[in-house]
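Beneath this line is the structure, given in structure tokens, with notes to follow.
The values are calculated or read from the model by the stated rules, or taken from the named source; none is laboratory data. Small disclaimer: the values here were computed from a predicted structure and weren't measured. For neighbour counting, all protein chains shown are included, and Cβ atoms are generated from backbone atoms with ideal geometry for every residue, glycine included.
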Amino acid sequence: MATDTAAPQIDVAPPRGWRTWFTQENIITTIVGLIVAVAVIVPLIALVINSFLVLDDLGFDTEWGLQNYREVFQGRVIRKALINTAIISTGCTILATLLGVSLAWINARTNCPFREKLEPFNLIPFFLSPFVGAIAWHNLASPKVGLLNNMAKSIFGISFPLFNVNNLWGVIWVTGIFFAPLVYLFVVGSLRRMDPSLEDSARTTGAGLFRTTMTITLPLVTPAILSGAIIVFVTTAGEFGVPFKLSAPFGWETLTTQIFTKAVGDDANHYLGAAMSMVVGVVTAFFIWVQHRIIAPRSYTTVTGKGFRPNLIDLGGWKWLAFTYNMLYVCVAVFLPIICLFFVSLHKIWSGRIIWSELTFWNYQKVLFFWWPESIQAATNGIINSFILAFGGASIAMVVAIIVSYMIHRTKGFGARLLDFLSVIPIGFPGIVLAMGVLVTYIRTPIYATLWILLLGYITRFFPYGQRNISSIMMAVSEELDQSSRMAGASWLTTLRRITIPLLKPGIFAGWILLFVIFLRELSISIILYSAGTETLSVGVYYLSNFENEPMTSALSIAQTVALLICIVIFRKVAGKEALTA
Amino acid sequence: MSDNNYLQVNHLVKYFGDDRAVDGISFGIPEGKFLTLLGPSGCGKTTTLMCIAGLHKPDAGEIRIGSDPVTSIEKRINTAPEKRNIGMVFQSYAIWPHMDVTQNVAYPLEIRNMAQSEIDDRVAEALKIVGLTDMADKNATQLSGGQQQRAALARAMVFRPRLLLFDEPLSNLDLKLREQMRVELKRIQHEIGITSIYVTHDQAEALVMSDEIIVMSKGHIEQTGGPHNIYARPVNQFVSNFIGVANLTEGRIVGNGGGGTGTIEISQGGENVQLPCLLADGLSEGDEAYLSVRPENVDASREPMDGPRIEGEVIQSVFLGNCLDCRVKWGEFEWKVLAHSRERLRVGEKVYVRLDPDHTLAVKP
Ligand SMILES: Nc1ncnc2c1ncn2[C@@H]1O[C@H](COP(=O)(O)OP(=O)(O)OP(=O)(O)O)[C@@H](O)[C@H]1O
Ligand SMILES: [Mg+2]
């Protein structure tokens, strides 16, 4: 036959270096890869550089030095803020983990009544704004205007304030109940997919129910618990709104509130702000690295897929205690804050008690009616800007997420690994830290003081969330589906449009709505990067809280909460029940 | 000679990192024929196919279809996969789950901007050939494995490609369906007369379906030939071992009788035996070689036969009706024998083994 087996041995070296190869695929993915790299890396580099620049006493010139870091660790105010941040993060992590694990266990593994009904409510705080939660709890439990304190006074005659959230405990309380769903999400999935025979075999050896739970169940979900706890720690360390509202005005500053004062305001010092951001960022990035590299790979693969329906533990009479516990959580995290805000928003002046004869919707007119000359600009601007940013940001971020996921999973080599790495980095840095980097990078460019800089900050910080949504689907979808489209004669772009993207649709929708929610409530990036005219919804809330009064603040908070709640309903419709569980 | 080939691959090299997945292979296939790339897992079959499809870019070599050079690294040509007009059936079938069967099959035609009426005709025709006419409106997820297979084939051939590529298309099916689909695939290929390249690691599949088989290992070609040729005249130890069952033992060529015949000497436990054999190309006196003989060409009996004597002990004997499947221990070596003997050989008996000289081969190591 016409085949020459004895082909002459040819010497071709393995390919090295870049080959110029202009295809649709290479051009587009390279451009996006470069943009992502620049967007992620440049602000961090700028942050590092600026943190070593020291502003002189006159505030005009800078020189290189370590003075900023000395200030962070030795300066009286900032060092105290650093310690407060550590206390809050630790306290919140403990509280959120206790809440999250116990609630997850009750919902996934016991016969607690109505648990299917309670599950979505347990997750609501995940979607709401913790800043708004802090405002609500301020009105519920601050010494003077706290509704609970005043009710205690009028009903039980308790004359001293029963609760006081205007301190570190208050911050721990509010962040703890708001971040508990993060732990819950990690743990509940793990518990649900656990192979029941693991527990059954412990029971057959004679271990009791309690013993089995403690020695088998909990250790098996430990990696999930640790992952959740780390995420909570990092999120709290970067949380700005809650300490800003609850504790900072009463002398309990945190690093984030300090960064804020150094970014804007009268004694702005970006260099010192950059140094503080570096301190927060190094710690959080380290923890995220630990989570990714050490804890996540260790999660036991008890996940054997379908078919398993873990045994539910019969709690007997205790099940009503479990139910009450869960209801209490939902009350303090969801119902109580929202109801309180609603009542506050109906008063012209809030004095800590509901005055039924004076209820009015006037505040809503002030903050919502953007066509009305007497409306408050910061609030109405915020609404419009936030919807623009949420819509545009979620859309662009999802496009980036799709292309990045595509590159990670469908192309090989250095670029793919680099992007995989790049899309973890933003998760390691709190919004306020990344925003500080974006600020010092772009402050002298035309995009400063426009919506574009906010958009850039949002997308850079949050596209990894969308990317993870897409990646999990892309890993499950065979590459051969794409390849067979190429073989059928479709170009790379056509294949992307007609095969790849339609297959990813559920993930794209879910990711889009998730980002929409995140952007609609975003505060810590916005607060650093906004300027007059580019306020966002949460910045509007901040403005009202700072310069107007509690009722007006509450009105805008309620408006934001309603928008977020609508998104949650849509999210559950599109993404299905288990979309979020890790 | 290679000008007659419809597809011609020359000196193809593909690296993954520093590994040579494909190590400078060359082959060709005349129009309308069915060629199989056969080899163990990881030998580079898929990689070769992907290079032909244009889904991988080789690091050296050229590929020509008809008179169209689709890949030539030297001339910096590498046609995009969608421009090659090649149909491909994947191992996972890759039926798009968000489209129904008709949409799947019509897709290549839509890409080519055909008129709707022609698309309908062609899709109906393709579905008829693969026997899926009744399934036209079903969603991909509702199809069984065999049906998905047929749909994938319909989609790959509906646009009348120049070449059909198959990457282990039957390996996900159960044994019975696989045997049925082998015949079916071959029938369809013959019916539409399309030049095809088929990748598999299943030698039975290759023997049944192919006009021509290329046996590969570690990125290079071990042997090329028709199914009968590959089975009856393996050229080396690897092919002989990979295809079918063979008695293989080390030896040395001690005589060359001309006309491709010769003598091989094998030894066990101090005993040397010289056997007449057919020499593989390129073997000459004094060379190290392997003796290769299929069990059906070995006989065993209690009485000594003419010719070289190999005396051993029966260590296993299974009656199969038409013959006896025995193992005969000779020194350290165990002969696999399908004995035609009417006598029942029993375990422990001393017997004489005889090899059919017309089917005793000396192959390269
Ligand atoms: N994308 C890739 N990246 C790195 N190495 C690869 C890649 N694809 C294949 N290889 C390597 O190249 C070699 C040949 O792979 P190939 O897929 O061609 O084998 P195969 O003959 O098709 O095997 P199988 O029968 O298992 O499908 C293997 O060693 C494999 O590990
Ligand atoms: Mg393969």
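Points to keep in mind about this one:
Yes/no matrix, rows are residues, columns are (1) within 14 Å of another protein chain (Cβ to nearest Cβ); (2) on the phi < 0 side of the Ramachandran plot; (3) modelled with pLDDT under 90:
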site: A:TYR448; (1), (2), (3): no, yes, yes
site: A:ILE453; (1), (2), (3): no, yes, no
site: A:ILE459; (1), (2), (3): no, yes, no
site: A:PHE462; (1), (2), (3): no, yes, no
site: A:THR494; (1), (2), (3): yes, yes, no
site: A:ILE501; (1), (2), (3): yes, yes, yes
site: A:GLY511; (1), (2), (3): no, yes, yes
site: A:ILE518; (1), (2), (3): no, yes, no
site: A:LEU523; (1), (2), (3): no, yes, no
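- Some residue of the range B:196-214 being away from chain A (no Cβ under 14 Å), polar (S, T, N, Q) and within 16 Å of ligand 1 (Cβ to nearest atom): yes
- Scanning the range B:51-62 turns up one or more residues that are assigned to a loop (DSSP other than H, G, I, E, B), of a type in the set (A, V, I, L, M) and either on the phi < 0 side of the Ramachandran plot or touching a Phe, Trp or Tyr at 6+ places or on another chain (Cβ under 6 Å) (or both).
- Some residue of the range B:241-251 being more than 28 Å from the chain's Cα centre (by Cα), surrounded by 15 or more Cβ atoms within 10 Å (Cβ to Cβ), assigned by TED's automatic domain parsing to the domain that holds B:TRP335 and not hydroxyl-bearing (Ser, Thr, Tyr): no
- Being outside any loop (DSSP other than H, G, I, E, B) and free of Cβ contacts under 8 Å to residues at least 40 places away in the same chain holds for only one residue in A:MET276, A:MET214, and it is A:MET214.
- Residue ranges of helices (runs of 4 or more DSSP H) in the range A:425-542 with at least 1 members of a type in the set (Lys, Arg): A:451-476, A:479-487, A:501-521
- The lone exception for B:LEU170 - which of (1) without any contact (Cβ under 8 Å) to a residue 60 or more places away in the chain; (2) within 16 Å of ligand 2 (Cβ to nearest atom); (3) under 12 Å from the mean Cα position of the chain (by Cα) it fails: (3)
- Test: residue in the range B:11-18 that is within 16 Å of ligand 1 (Cβ to nearest atom), part of a loop (DSSP other than H, G, I, E, B) and either over 21 Å from B:SER210 (Cβ atoms) or without any contact (Cβ under 8 Å) to a residue 12 or more places away in the chain (or both): yes
- Residue count for the range B:30-63, restricted to those that are closer than 15 Å to B:PRO161 by Cα and away from ligand 1 (no atom under 16 Å from the Cβ): 4
Table: residues versus (1) of a type in the set (Lys, Arg); (2) away from ligand 1 (no atom under 16 Å from the Cβ); (3) touching a helix residue (DSSP H, G or I) at 6+ places or on another chain (Cβ under 7 Å).
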{"residue": "B:GLU168", "(1), (2), (3)": "no, no, no"}
{"residue": "B:SER171", "(1), (2), (3)": "no, no, no"}
{"residue": "B:ASP174", "(1), (2), (3)": "no, yes, no"}
{"residue": "B:LEU177", "(1), (2), (3)": "no, yes, yes"}
{"residue": "B:GLN180", "(1), (2), (3)": "no, yes, no"}
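- Failed item in (1) under 30 Å from the mean Cα position of the chain (by Cα); (2) touching a residue at least 40 places away in the same chain (Cβ under 8 Å); (3) exposed (fewer than 13 other Cβ atoms within 10 Å of the Cβ), with B:SER284 passing the rest: (2)
- Any hit, the range B:73-85, residues being more than 13 Å from chain A (Cβ to nearest Cβ) and surrounded by fewer than 21 Cβ atoms within 10 Å (Cβ to Cβ): yes
- Evaluated against (1) assigned by TED's automatic domain parsing to the domain that holds B:MET216; (2) surrounded by 17 or more Cβ atoms within 10 Å (Cβ to Cβ), B:SER317 falls short on exactly one condition, (1).
- Taken as a whole, the structure places B:ALA140 among residues that are within 13 Å of chain A (Cβ to nearest Cβ), at pLDDT below 90 and surrounded by 14 or more Cβ atoms within 10 Å (Cβ to Cβ).
- Taken over the range A:353-394, the criterion of being aromatic (Phe, Trp, Tyr) and farther than 30 Å from A:TRP512 by Cα is satisfied by A:TRP356, A:PHE361, A:TRP362, A:TRP372.
- Scanning the range B:252-266 for residues that are more than 15 Å from B:VAL293 (Cβ to Cβ) and either in contact (Cβ under 8 Å) with a residue 24 or more places away in the chain or not assigned by TED's automatic domain parsing to the domain that holds B:GLU285 (or both) yields B:ARG252, B:ILE253, B:VAL254, B:GLY255, B:ASN256.
- The requirement of being touching a helix residue (DSSP H, G or I) at 6+ places or on another chain (Cβ under 9 Å), within 10 Å of chain A (Cβ to nearest Cβ) and within 16 Å of ligand 2 (Cβ to nearest atom) is satisfied by B:ALA53.
- Among the conditions (1) surrounded by 18 or more Cβ atoms within 10 Å (Cβ to Cβ); (2) more than 14 Å from chain A (Cβ to nearest Cβ); (3) part of a strand (DSSP E or B), B:GLU265 misses just one, which is (1).
- Only helices (runs of 4 or more DSSP H) whose full extent lies in the range A:48-141 are considered here, and the ones with at least 3 residues that are buried (at least 18 other Cβ atoms within 10 Å of the Cβ) and hydrophobic (A, V, I, L, M, F, W, C) are A:76-109, A:115-127, A:130-141.
- Of all residues making up the range A:66-91, the number that are in contact with a helix residue (DSSP H, G or I) (Cβ under 9 Å, 6 or more places away or on another chain) and closer than 13 Å to A:ALA237 by Cβ: 10
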